[in-house]
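Novice: The structure's right below; bear with me while I get my questions together.
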Amino acid sequence: MNNIIQHFHEKITSELGKEIENIFLNSKGDITNIINLVKENLDELGCKILKSVLEDLDKMIKESAERKKKWVVQEKEMKKTLVTIFGEVQYFRVYYKLKGDKGFTYLVDDIVGIERYQRLDEGLIAKIVALTSDFSYQKSVELAVTGVKSSRQTAKNKIRQVGEIDNNELDEEVEEKS
């Protein structure tokens, strides 16, 4: 993880340095460019940290004496892609078989609450659903996460999974908090 942070520091320092130099030489700047540069780098850092955390946790599980009592390694280096508010996170994990049974699972996914066929993080789903009250399905998906291709059907499906939100319930909650 330290390597990730050090690499990030070097990259952001270099890129910001170039942007600041460009602003100085042109005697005119645009804070939006700096903000976008920082956001892109922070999103990339978030993806790298999440990948590292998941793979480190998977390694800890694999080396665990408790795991060895119940589960055997079925397959190593199984790729998973999870779309988050940072962007697309691709990580590798181990597929396990339950001893004496026919149960199979990815223990790291189970521990962190990632469902078997889940492609979108729950936080991202909540963001998409919230955005659909003000924007079209396609625009909601685009605003929720940049740089990741998803369709308006994704937003529509997630709203159906969440179900309708009763606005009266929301109003009652707001009144109770007042």
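Novice: Out of ASP110, ASP58, which single residue is farther than 24 Å from ILE4 by Cα and assigned to a helix (DSSP H, G or I)?
Specialist: Result of the check over ASP110, ASP58: ASP110.
Novice: Select from the stretch 1-31 the residues that are more than 24 Å from the chain's Cα centre (by Cα) and polar (S, T, N, Q) and list them in ascending order.
Specialist: Passing the criteria: THR13, SER14, ASN22, ASN26, SER27.
Novice: Considering the stretch 41-54 alone, what residues qualify as being of a type in the set (Asp, Glu) and either surrounded by fewer than 15 Cβ atoms within 10 Å (Cβ to Cβ) or closer than 15 Å to HIS9 by Cβ (or both)?
Specialist: Correct list: GLU44 only.
Novice: Could you please find all residues in the stretch 69-107 being in a loop (DSSP other than H, G, I, E, B), at pLDDT below 95 and more than 30 Å from LYS39 (Cα to Cα)?
Specialist: Within the stretch 69-107, LYS99, GLY100, ASP101, LYS102, GLY103 meet the criteria.
Novice: Can you tell me how many residues within the stretch 1-34 are within 24 Å of ILE49 (Cα to Cα) and in a loop (DSSP other than H, G, I, E, B)?
Specialist: Total satisfying the criteria: 1.
Novice: Take the residues in the stretch 15-35 that are within 20 Å of THR146 (Cβ to Cβ) and surrounded by 13 or more Cβ atoms within 10 Å (Cβ to Cβ); name whichever of them is modelled with the highest pLDDT.
Specialist: My answer is ILE34.
Novice: Then there is this: Determine which member of the set GLY113, GLY123 is of a type outside the set (Asp, Glu), within 16 Å of ASP43 (Cβ to Cβ) and loosely packed, with under 14 Cβ neighbours inside 10 Å.
Specialist: Residue meeting the stated conditions: GLY123.
Novice: Scan LYS127, LYS139 and give me the residue that is among the basic types (Lys, Arg), modelled with pLDDT of 80 or more, assigned to a helix (DSSP H, G or I) and within 16 Å of the chain's Cα centre (by Cα).
Specialist: Answer to the check: LYS127.
Novice: Among residues belonging to the stretch 74-103 that are loosely packed, with under 13 Cβ neighbours inside 10 Å and in contact (Cβ under 8 Å) with a residue 24 or more places away in the chain, point out the one that is nearest to LEU54 (Cα to Cα).
Specialist: In this case the residue turns out to be GLN90.
The values are calculated or read from the model by the stated rules, or taken from the named source; none is laboratory data. The structure presented is a predicted model; accordingly, all values stated were derived computationally and were not measured. FYI the Cβ positions are ideal-geometry reconstructions off the backbone, even for glycines, and counts take in every protein chain you see.
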